[in-house]
There are 2 protein chains.
Amino acid sequence: MGPRERREREREEIRTLILDAARELFVSEGVESVTMRRIADKIEYSPTAIYFHFKDKEALLAELCDCDFRAFAQRFNVIAQIADPVERLRAAGAAYVDFGLENPSHYRLMFMTPKAITAKTTEVSTIDKGNPEEDAYAFLQGIVAELMAKGRFRDELTDVELAVQVIWSAVHGVVSLEIAKCTDDWVAWRPFAARAQTTIEMILRGLLKE
Amino acid sequence: MGPRERREREREEIRTLILDAARELFVSEGVESVTMRRIADKIEYSPTAIYFHFKDKEALLAELCDCDFRAFAQRFNVIAQIADPVERLRAAGAAYVDFGLENPSHYRLMFMTPKAITAKTTEVSTIDKGNPEEDAYAFLQGIVAELMAKGRFRDELTDVELAVQVIWSAVHGVVSLEIAKCTDDWVAWRPFAARAQTTIEMILRGLLKE
DNA sequence: TACTTAACTTAACAGTGTTAAGTATCGGAG
DNA sequence: CTCCGATACTTAACACTGTTAAGTTAAGTA
């Protein structure tokens, strides 16, 4: 089965060729620069050729983000080594923040765009949900559960899921506000690092026992 | 000067006619449903007629949001009556959250969309910046300054602006995540009210002295 | 009455995502 | 070796989008 495999491989090659061209436009000029025609120009194919490999533009972007977010979740594998759960939580927050600032286009598409807009069709992610190695939310969940089991949270906090969501919300707030409004001179913005660090520290102080 | 004034008034009338049609589409079907042609259909004019009253689509949307956000800031005038600054802060947070959920389209355009996308031209807001009656940020600033002056914040917090931005970030995080990802079944979302309230309480506990 | 200008309309341009229809190439079956 | 059908494309077109150039109409003014 020589030619059969070769065709399969060639198909995969052109798929990643499209994906890479789309990614380059996506990260360098933002999602609105990713047009089917511009991708096609970049790889020297006709625009319609892309539709042979991806259902539509949405599917292409979804796969792109899926792939890059799996890589993101893997960043946490190093952090997982940190013994102290509080320090681990701190480090996870910092890693999350870093990723958001380094990949604003991805961040925006994944967390700042209503699903109704991105996913008209029933999008199916290939990320292994619940597996902390591929799912950053699950990773955070693990830390929080450990902290709660050890009685480190204030007594009125008994819901792991709620605590996770509150922490995520706060950190997401700093990142998304930075991405959306960093160039806005309405506000006398303090340095991003200070905002991020203070937010993490304050939310930790609010959640943990003294 | 009869006819002159009448023309002026008529001009203002068609302006608000356009604005109202745009708002209806905007709030009921989201910003992507606001097309010049759909607005034109609604008011039974040709699409190009709109350009006589607004520079372009962006200017139209900017004016729409500006106008509605002034109304939003005025909600705080009632809250300004609350004597205890902590209670006032709590109420302000709740009001902010309410507005976001009631006006997701406005919220998204104002706080979740990078300025580079909305404002290609130099947009000039007509909101009186720094005036707490028209500027919600300034209102929050006032509360935080009062709390800090009264020594209610933890000693390491000495920067009013930073504290304001941390509080805003946290609350914005809950609201924006709800708007963007409420339909996402990846996460076992706790009720929004619980998330909002817990976030506000935790951030207060983190910032204030015990 | 003649002129100007404000307030439009129609037609068109350049761009978008997407699809229908046609074409060439190539692996495998008879 | 030939023919067939699938694969991987291309070209042309459709239905949208924001926006503009040019033409029209009505009203106020001199």
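The values are calculated or read from the model by the stated rules, or taken from the named source; none is laboratory data. Here the structure is a predicted model, which means the values were calculated and not measured. Here Cβ is always computed from backbone atoms with ideal geometry, including for glycine, and neighbour counts include all displayed protein chains.
A few notes on this one:
- Taken as a whole, segment A:186-199 holds at least one residue that is buried (at least 17 other Cβ atoms within 10 Å of the Cβ), of a type outside the set (D, E, K, R), part of a helix (DSSP H, G or I) and more than 7 Å from every other protein chain (Cβ to nearest Cβ).
- For segment B:168-183, the tally of residues that are in contact (Cβ under 8 Å) with a residue 60 or more places away in the chain and out of contact with any Pro (no Cβ under 7 Å at 6 or more places or on another chain) stands at 6.
- All positions within segment A:135-185 that are under 23 Å from the mean Cα position of the chain (by Cα) and part of a loop (DSSP other than H, G, I, E, B): A:135, A:182, A:183
- Top-ranked residue in segment B:25-40 [being at pLDDT 95 or above and either exposed (fewer than 14 other Cβ atoms within 10 Å of the Cβ) or basic (Lys, Arg) (or both); ranked as nearest to residue B:106 (Cα to Cα)]: B:35
- Residue within segment B:68-77 that is modelled with pLDDT of 95 or more and basic (Lys, Arg) present: no
- Of all residue pairs spaced 6 or more apart or on separate chains, none has beta-carbon atoms under 6 Å together with a first member in segment B:6-17 that is more than 14 Å from chain A (Cβ to nearest Cβ) and a second member that is near DNA strand C (Cβ under 6 Å from one of its atoms) and at pLDDT below 95.
- All conditions in (1) assigned to a helix (DSSP H, G or I); (2) of a type in the set (Val, Ile, Thr); (3) closer than 24 Å to residue B:62 by Cβ; (4) more than 7 Å from chain A (Cβ to nearest Cβ) hold for residue B:126, with the sole exception of (1).
- Screening segment A:8-49 for residues that are near DNA strand C (Cβ under 9 Å from one of its atoms) and in a loop (DSSP other than H, G, I, E, B) and picking the one that is farthest from the chain's Cα centre (by Cα) gives A:46.
- Reported count of residues in segment B:51-67, each being over 18 Å from the mean Cα position of the chain (by Cα) and under 29 Å from residue B:135 (Cβ atoms), is 5.
- Cβ pairs under 7 Å, 6+ apart, first in segment B:28-53 and more than 14 Å from chain A (Cβ to nearest Cβ), second not in a helix (DSSP H, G or I): B:40/B:46
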